[in-house]
Structure formats: C-alpha cells, structure tokens
1. In whole Å, what is the distance between the alpha-carbon centres of region 27-56 and region 236-259?
2. For region 370-449, I need the span (max minus min coordinate) of the C-alpha atoms along each principal axis, in Å, sorted largest to smallest.
3. Please compute the modelled spin-label separation between Val20 and Ala194, points set 7 Å along Cα→Cβ, answer in nm with one decimal.
4. What does the highest-first list of 175-181, 9-15 look like by mean Cβ count within 10 Å?
5. Of Lys302/Lys346; Lys302/Lys432; Lys269/Lys373; Lys171/Lys271; Lys3/Lys46, which sit over 27 Å apart, Cα to Cα?
6. Only loop residues by DSSP count here, and only those with at most 14 other Cβ atoms within 10 Å; note down the chymotrypsin sites (Phe, Trp or Tyr not before Pro) in region 84-155 that meet that.
7. Restricting to bridges with both residues inside the chain, how much of the DSSP beta-bridge set is antiparallel, in percent to the nearest 5?
8. Specify the inter-centroid distance of region 261-293 and region 334-411, based on alpha-carbon positions, in whole Å.
Amino acid sequence: MSKYFGTDGFRGEANVDLTVDHAFRIGRFLGHYFERDRECRVVIGKDTRLSSYMFENALTAGLAASGADVYLMHVTTTPSVSYVARTENFDCGIMISASHNPYHDNGIKLLNSNGEKMEDAVIEEIEKYLDGYLPEPPYATGERIGHVIDHAAGRNRYIGYIISLATHSYKGMRVGLDCANGSTWAIAKSVFDALGAETYVIANTPDGTNINNACGSTHIENLQRLVREKHLDVGFAFDGDADRCLAVDERGEVVNGDGIMYICGRHMKMKDSLPNNTVVTTVMSNFGLYKAFDACGISYEKTAVGDKYVYENMRQNGHVLGGEQSGHIIFGKYANTGDGLITAIKVMQVMIDRKLPLSALTEDLEIFPQVLKNVKVADKDGTLADPDVVAAVEKVTADLGDNGRILLRKSGTEPVLRVMVEAPTHELCEQKVDEVIDVMRQKGLLIAIK
C-alpha cells in the first residue's frame, strides 16, 4: 500500500497531511522525470477550494523549476484535465481536488498522457523521492526554466466536446443541476443551456470554503427539493471535481450509480452498443442491480471498490460501461475516467430516446435494503480466516439464498472490517449483520464497533 497516494491520489487536510512542500516537491520530481527524454508539458486543473490556488502555485513552481512547461486550465473538472491530457499530447495531467471531501481537505490526482490514473511505477518513484531515497533533481537554469501558460482554451475545448456528445436537443426539458460549489459551477449550466434545456442551478456560488457543504452528490436532498418545487423533469448532482454524478427523477427520488448503470446498460443492449454484453461494477453495487441485470440478460463483473479498478477491468476486457454506486460512471467510448457531465448527457439521451420519464426507466430495478457496520479488529486477515467467522458467513449466505447477500471487506486504511448485508427488509439486514459480528465478539476478535 502506498504511503501517500491512494487509489484516487494524494489526499488529506491541506497543510497538515498534504502540504505546500509536498506539492512543490511532486512538481519538481515530475518535471525532471518527464524531462529526461523530451521537453515536458504538464496540464493542471483545480477545483474551488481555498487551498487549490496555493497548491496550483506550488506545483507550477516545482514543475517550472525542473524545466517543464506548465499549462493552467484554472477551475475545471477532473474529467476535463483527463480529456485535455490525452487529446493535446501532454506528458502528464494534474488535478488539484479532494473530490467530495470538505473544503479543508485537498488532493493531488495524477494522470498519464492517456488521461488515465498515473501508473503505479511512477507513483512509487514519487514516494521514494518524497521520503528522501532519491537525489534532488537539478534545477533548470537560463532558457531551460519552464514556461507557465494560460490554457483556459483547453477547458473550452472540453465543453465543446461534451456538447457534441448529445444526440438530441433538450428544448422543452426542465433540468436541475447541483454544482456542489465546485468544478462545474461555471461549466454545467452552459452545457445544458447550449443544448436548449430550461436550466435551474443551485450550489454555483463558490467562496473557497463551501465546496460540498450541504450540497452536491453527497447531500442530494437539496436537489430533490428543487426538482419537486420547480416540477422539473430531471436533476443531476455532481461532486466537487465532477467525476461523479447522481440523478433525481421527476418525482424527486434519487437514482444512484447503480440505477444509472442499469438505465444506460439496458439501453445500450437494446441499441446493440454494449460490447461483450457486460457492465463492470464493484463489489458494493446493490444485489438488486444484479437481479435486474439477470432479468434482462446483461452480464456483469465485480471489482474491488474504486473506479481505478473498474477502469482497469474495462480496459483489459474491452468493456465500455462500468462504475460505482457513488456515481463514478465510466463510458469507455468517450472517456478514460468517470465524468459526471457525460453521465448526465447519457441519461438524458436514454430519456429522450425512450420517450419516458426517468422514474419509468427504473421501474424494473428493485434496490434492496442494505446495512453496513464497521468493526475494529486486531488482525483483519486473521478474522476473515477464522473458522467460526467463515461458518457464520456461510450460514447467512445459505439463509438468504437468492434473496440477498453478505459481504465482508477490509478497510484499506484502518484496522477495520466492513460487514454488509443486503436483504428484502432492513430488519433482516440488521439481524444477519449482527449474527456475524456476535461471532467475532465471542471469539475475542473484536476491539470496538464504530
């Protein structure tokens, strides 16, 4: 496991876990790393957090000091940085964002020249450098010092690309958008307006400290209220850097990532545009999604939690649709990362193609109640392998049969196991989760319940 970088970049509280010195040094390393064989070009985007400007300056200084040319897209989305990196021949893309986290956190997401998450081998070298195991790169001098270039044009090209993906006019459609006071605040409305929608927007007045604050995809109740009060046809909520999107139907009911994958996967199958007849999910997708896929003859694969693993599976196996319950949806024909705006465009396409409201498109999808409890243990692997715990899990599996499932999963960052059950009723979920936790307690494996 990496010391600094997780599956979604280097993330933590600004100037506590992730400091301006980290950012400068990451820039120094990357500028030198990619400069070795050719002139290095790096594109940087950021979200609206107060600290994003500080980290942008630090990264830029480090990169230019190592001889790299730096192109600044300013406030923009993670998917737009991915798009520009892969279409404009950049060596590296950097997004400054902590996604759905509160404003005091921030993160550095690294993308390769294909707009994909940076290779592990490069991340390992960066971490060695941060820990002092690699020598300091030489400073560029004279004309070799890197240029810093305004590249707002890259953001505009991305907006044009998104608009080009729409297959219909949205004239007559009433659409609500929750921009999370984040990266889409100046982008999303312009896209939907350009396509002809009557657009209503909330959480589009960022002040540096209100990103994701009671808004966006993690606080979707505001968008639900807007859709109901304004009698809108649909609503879309993004997270801070817009790689996630959740939807709200015309009744004000939430359609999460599982629902979006069902709607789009089924439509793509009907249009004969779902290669391998397969959708890639993570192990946390709802049991009801799998039953619905079974019913309409769509195959699925399950990966570890993280859009990184979803994308790797898609790329390796030629699948074009995958994602997470949280709203990270990857449409592989159009992007190499989750893109909230593409997700919204694709949901709109299904609604208009089928001439149906969003609620009707999810009628055959029954989302099962879910209970998830975290337990702190001294030995995660030992607890998972304990014979009595294994037997308890097998008993729950047998009891649920075809009407539910149990999943035990290790936390990647804490001494915690996650015990999750999906079943026809919330009460049954609670009962079956507690059965397994009680066995752990009786065996002395449990330290505390969080």
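1. Taking the Cα centre of each part, region 27-56 and region 236-259 sit 31 Å apart.
2. Rounded to whole Å, the extents work out to 32, 23, 18 Å.
3. Label-label distance for Ala194 and Val20, simple model: 3.6 nm.
4. Numbers: 175-181: 28.7, 9-15: 19.9.
In decreasing order of mean packing, 175-181, 9-15 become 175-181, 9-15.
5. On the way: Lys302/Lys346 22 Å; Lys302/Lys432 23 Å; Lys269/Lys373 36 Å; Lys171/Lys271 24 Å; Lys3/Lys46 23 Å.
Cα-Cα > 27 Å for Lys269/Lys373; rest within.
6. Values: sites: Phe90, Tyr103, Tyr129, Tyr133, Tyr139; in loops: Phe90, Tyr103, Tyr133, Tyr139.
Sites meeting the loop and neighbour criteria: Tyr133, Tyr139.
7. Numbers: 36 of 66 bridges.
About 55 percent, rounded to the nearest 5.
8. 13
None of the figures in this text is laboratory data; all of them are computed from the coordinates on show. Since this is a predicted model, take the numbers as computed values, not measurements. Cβ atoms come from the backbone with ideal geometry, glycine included; neighbour counts cover every protein chain shown.
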